[in-house]
1. Scan region 32-82 for GluC sites (Glu not before Pro) in coil per DSSP, keeping those whose Cβ has at most 11 other Cβ atoms within 10 Å, and list them by number.
2. Compare the peptides 101-112, 42-53 by average per-residue count of other Cβ atoms within 10 angstrom and give them in order, highest first.
3. Suppose the chain between Thr125 and Thr23 were pulled fully straight at 0.36 nm per residue; how much longer would it get relative to their current alpha carbon spacing?
4. How many nm is it between the label spots at Asn114 and Thr81, if each spot is 7 Å from the Cα in line with the beta carbon?
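What follows is calculated from the coordinates using simple rules that are stated; it is not laboratory data. As the structure is a prediction and not an experimental result, all values here were calculated from the model. Quick reminder, even Gly has a Cβ in these numbers, built from the backbone with ideal geometry, and neighbours come from all protein chains shown.
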Amino acid sequence: MKLLILTIALLLSGCVVYPINKTLQPEAEILVTDVEGKPIQDAWVSLISSSYPYGLEQMRRGDKTSDRGEASFPNIKEWRTESLMIHGSNVFFWNWCVVKVGFETHTTMWSSGNDFQPQYNVILTPGESTPCPEEPNKIGRGL
């Protein structure tokens with residue numbers, strides 16, 4: 001009984017540390033086309049990784065689209081140690097940002113890893129392009 005009480009006390013205090021293999025960035029592909037369905041070459045695509053409990057940006061990877069309008073990103077995992085805390089563990093989520101001069105910038109604002117689409121198609125419309133948001137604490141919180 002004393003062992004059970006001690007175990008529960010340790011769990012509640014956050015002293016239990018455990019290893020976990022976290023996906024920092026999933027394997028993902030994007031296809032960028034115009035409104036006529038033609039591939040857009042040399043669009044700058046950013047895959048932005050953020051995490052809760054604070055919703056802060058953790059990393060950002062970028063690539064230009066090919067002549068077929070495609071860009072791909074590798075799966076990145078990392079072994080980490082976490083502890084049981086009141087605020088919970090780090091939970092990652094991802095968003096896309098696509099910029100091409102002469103087209104409106106496309107940015108997703110998902111706040112859950114379940115919303116992320118690893119095979120994503122974007123149709124860019126003509127308009128003014130703006131840079132991807134740089135403020136790390138605004139990802140997933142609405143710009």
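1. Values: sites: Glu36, Glu57, Glu70, Glu78, Glu82; in loops: Glu36.
Of the GluC sites (Glu not before Pro), the ones in loops of region 32-82 whose Cβ has at most 11 other Cβ atoms within 10 Å are Glu36.
2. Working: 101-112: 15.4, 42-53: 20.4.
Peptide ranking by packing, descending: 42-53, 101-112.
3. Numbers: separation 102, 0.36 × 102 = 36.72 nm, distance 3.22 nm.
That works out to 33.5 nm of additional length.
4. Reported label-point gap for Asn114 and Thr81 is 3.2 nm.
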